[in-house]
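The values are calculated or read from the model by the stated rules, or taken from the named source; none is laboratory data. From a predicted model like this one, the values you see are computed outputs, not experimental measurements. Cβ coordinates were reconstructed from backbone atoms using ideal geometry, including for glycine residues, and neighbour counts include every protein chain displayed. Surface accessibility is based on the protein's heavy atoms, side chains included, excluding ligands, DNA and RNA. Shrake-Rupley method; radii C 1.70, N 1.55, O 1.52, S 1.80 Å.
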Amino acid sequence: MKHPTHEALRRLRLYGMARGLEDLERQPERNQLSFDDQLALLVERETAERANTALASRLKRARLRQTACLEDLDWRTPRGLDRTLIRDLASCRWVREHQPLLVTGPTGIGKTFLACALGNQAAREGYGVFYTRLTRLLDDLATARLDGSLARVLRRLARLEVLIIDDWAMTELTAAQRLDLMEVIDDRHDRAATVLATQIPVANWHRSIGDPTTS
């Protein structure tokens, strides 16, 4: 039978402290710890579990295409990665300063992995992240326009602290797609961080976007 304290902690949704108390009761050296030390251990356990739960929730909402983190970058393969730059990106200063990032290079070089790793790092730092391919984003915007929810979808995208758009500029945009996309980009300019991943050189974006004044 569990002690009433365990049930009280669970009713208060202090699940980390409840599990920590159970673990502490099994430790033979518990009596050697002062009350303050025991309380500190329980608070630390609750804090850690809440942080892990929050991170798991952020990663679930992010829908990252790959399970990737910057620590797993393969430096043995020559891809032109700059260690100093990666360390700076790992600090998430680019997120705090609302800077856009461009991840570009030929097929198979690991652009999606790097973009997802940057998203993972941002989520670990507490930022809201969302990953999408450009075609999926455009489809979602078109559907929202049809069902009358476009304004709500645009507000949600604008509030995201990090938006990752993969496969950028892979197909030529229609006029309607171009307008929807510009709404997204304009709402986020200097207000939130956006990551674009593409194999298309910047010089060819005019053709894909379809309007020189837009690109």
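Please go through the stretch 133-144 and pick out each residue that is of a type outside the set (A, V, I, L, M, F, W, C) and either surrounded by fewer than 16 Cβ atoms within 10 Å (Cβ to Cβ) or within 12 Å of ASP187 (Cβ to Cβ) (or both).
Correct list: THR135, ARG136, ASP139, THR143.
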Requiring at least 1 residues that are farther than 24 Å from ARG63 by Cβ and over 19 Å from the mean Cα position of the chain (by Cα), the helices (runs of 4 or more DSSP H) wholly within the stretch 135-214 are 175-188, 205-209
Condition met for VAL202 (closer than 25 Å to CYS92 by Cα, among the β-branched types (Val, Ile, Thr) and at pLDDT below 95)
yes
#### Entry: Flag for ALA51 being farther than 28 Å from LEU160 by Cβ and without any contact (Cβ under 8 Å) to a residue 40 or more places away in the chain
no
Those residues of the stretch 149-170 which are open to solvent by less than 70 Å² (accessible area, probe 1.4 Å) and free of Cβ contacts under 8 Å to residues at least 40 places away in the same chain amount to SER149, LEU150, ALA151, VAL153, LEU154, LEU157, ALA158, LEU160, LEU163, ILE165, ASP167, TRP168
Examine the stretch 108-117 for a residue that is more than 27 Å from HIS206 (Cβ to Cβ) and in contact with a Lys or Arg (Cβ under 8 Å, 6 or more places away or on another chain), and state whether such a residue exists. yes
Of (1) open to solvent by 20 Å² or more (accessible area, probe 1.4 Å); (2) out of contact with any strand residue (DSSP E or B) (no Cβ under 7 Å at 6 or more places or on another chain); (3) of a type outside the set (Asp, Glu), GLY105 fails just (1)
When the stretch 113-125 is checked residue by residue, the ones that are open to solvent by 30 Å² or more (accessible area, probe 1.4 Å) and in contact (Cβ under 8 Å) with a residue 60 or more places away in the chain are ARG124
The one condition GLY110 fails out of (1) touching a residue at least 60 places away in the same chain (Cβ under 8 Å); (2) in contact with an Asp or Glu (Cβ under 9 Å, 6 or more places away or on another chain); (3) on the phi > 0 side of the Ramachandran plot is (1)
Exercise. Within the bounds of the stretch 21-41, is there any residue that is touching a residue at least 24 places away in the same chain (Cβ under 8 Å) and not hydroxyl-bearing (Ser, Thr, Tyr)?
Worked result: no
Against the condition open to solvent by less than 60 Å² (accessible area, probe 1.4 Å) and within 31 Å of the chain's Cα centre (by Cα), how does ALA8 come out, does it pass? no
When restricted to ARG76, ARG65, the only residue closer than 25 Å to THR194 by Cα, among the basic types (Lys, Arg) and open to solvent by 90 Å² or more (accessible area, probe 1.4 Å) is ARG65
Considering residues that are farther than 16 Å from GLN121 by Cβ and among the charged types (D, E, K, R), the number found within the stretch 68-81 is 3
Here the qualifying pairs (Cβ atoms under 8 Å; residues six or more apart or on different chains; first in the stretch 86-97 and in contact (Cβ under 8 Å) with a residue 40 or more places away in the chain; second part of a helix (DSSP H, G or I) and open to solvent by less than 20 Å² (accessible area, probe 1.4 Å)) come out as VAL95/ALA122
Checked ALA90, ALA51 against criteria (surrounded by 14 or more Cβ atoms within 10 Å (Cβ to Cβ), within 30 Å of the chain's Cα centre (by Cα) and under 30 Å from GLY119 (Cβ atoms)); the one match is ALA90
